[in-house]
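Scroll down for the structure; my scribbles are underneath it.
The values are calculated or read from the model by the stated rules, or taken from the named source; none is laboratory data. Since we're looking at a predicted model, the values are computed, not measured. We place every Cβ from the backbone using ideal geometry, glycine too, and count neighbours over all the protein chains shown. Surface areas here come from the heavy atoms of the whole protein model, side chains and all, with no ligands, DNA or RNA. Shrake-Rupley method; radii C 1.70, N 1.55, O 1.52, S 1.80 Å.
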Amino acid sequence: MNIAEIADRLEDTGYIVLDNALQNELLLRLVTRCQDDDPARFYAAHIGRGADKKQINTIRGDVIDWLDEADGIDQDYLALMEILRMGLNRALYLGLFDYESHYAIYGAGAGYAKHSDVLVGKKNRILTTVLYLNEDWHSRDGGELQIFDPSGVAVIATVLPKFGTMIIFLSEMFPHEVLISHRTRRSITGWFRVSGS
Ligand code: OGA
Ligand code: MN
């Protein structure tokens, strides 16, 4: 990862799409962790918080599992995100304080309607990262991430969830949507946060 380049692009355009963001060997290990074979691990993702917390799978159809700091594979990924966090703080003075992240699995027919990652009244998410873990993904498989301009009108980027692709974007700036996937779609979504609210 070229942190200087990432910092430049975040400053100029607010997002960057990286191909082959991590080494293949680590990507393959992350795939082994992103498997919904233990019913106790992954659960349906929720929308909103507090009394507004709902699980409506027409809006959001993925199941998630938060990364585990005690797991060796998750540790290797989190260590890289820590290097990125420190590098971006040095380059952009963002004051990023921590990183929270979860595996996500969208089954065939699932998507995530247009939304913002910054919840009303809770503005501590600064940067969103999404790393994709899908080998041999083609346009016909759907599941593209669409990034909208800040007004939410025009699509400014469409990202196929290909193995090793990572997008990093300013969480508050870009509404985005996951189009319906026609195959099982695996990823790790994370947020660099500042402390407090
Ligand atoms: C999210 C999200 C995008 C993607 O989890 O909030 O928008 O491409 N994910 O998986
Ligand atoms: Mn999102």
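The table below lists the values:
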read-out: Convex hull (Cα only) mean projected area of the stretch 140-189, reported in nm² to one decimal; value: 3.7
read-out: Distance (nanometres) between label positions extended 7 Å along Cα→Cβ at Gln23 and Ala79; value: 1.0
read-out: Distance histogram in 10 Å bins (all Cα pairs of the chain, percent per bin); value: 9, 37, 41, 14, 0
read-out: Length released on extending from Ile180 to Asp8, taking residue separation times 0.36 nm less the Cα-Cα span; value: 58.7 nm
read-out: Label point 7 Å beyond Cα of Ser195 along Cβ direction - residues of the stretch 71-104 with amide nitrogen under 20 Å; value: 82-101
read-out: The stretch 62-113: proportion of alpha-carbon pairs further apart than 19 angstrom, %; value: 45
read-out: Estimated [θ] at 222 nm from DSSP helical runs (n ≥ 4, -39500 (n - 2.57)) normalised by residues in the chain, nearest 500; value: -6500 deg cm²/dmol
read-out: More than 22 angstrom apart: percent of Cα pairs within the stretch 90-177; value: 32
read-out: At R0 = 22 Å, FRET efficiency that the Cβ-Cβ distance of Ser151 and Val120 yields, to 0.05; value: 0.80
read-out: Point-to-point label distance, Arg90-Tyr43, nm (Cα→Cβ direction, 7 Å offset); value: 3.9
read-out: Environment charge at Gly111 (Cβ cut-off 11 Å; Lys +1, Arg +1, Asp -1, Glu -1); value: 0
read-out: Phi to ³J(HN,Hα) by Karplus 6.51 cos²θ - 1.76 cosθ + 1.60 over the stretch 186-193, Hz, x for Gly, Pro; value: 10, 7, 10, 9, x, 9, 7, 10
read-out: Helical segments meeting 18 Å axial Cα length and Kyte-Doolittle -1.0 threshold in the chain (DSSP H); value: 72-92
read-out: Cleavage-rule hits (GluC sites (Glu not before Pro)) in the stretch 120-197: DSSP loop, at most 13 neighbouring Cβ within 10 angstrom; value: Glu135
read-out: With every protein chain in place, the stretch 77-197: carbon and sulfur % of accessible area (1.4 Å); value: 55
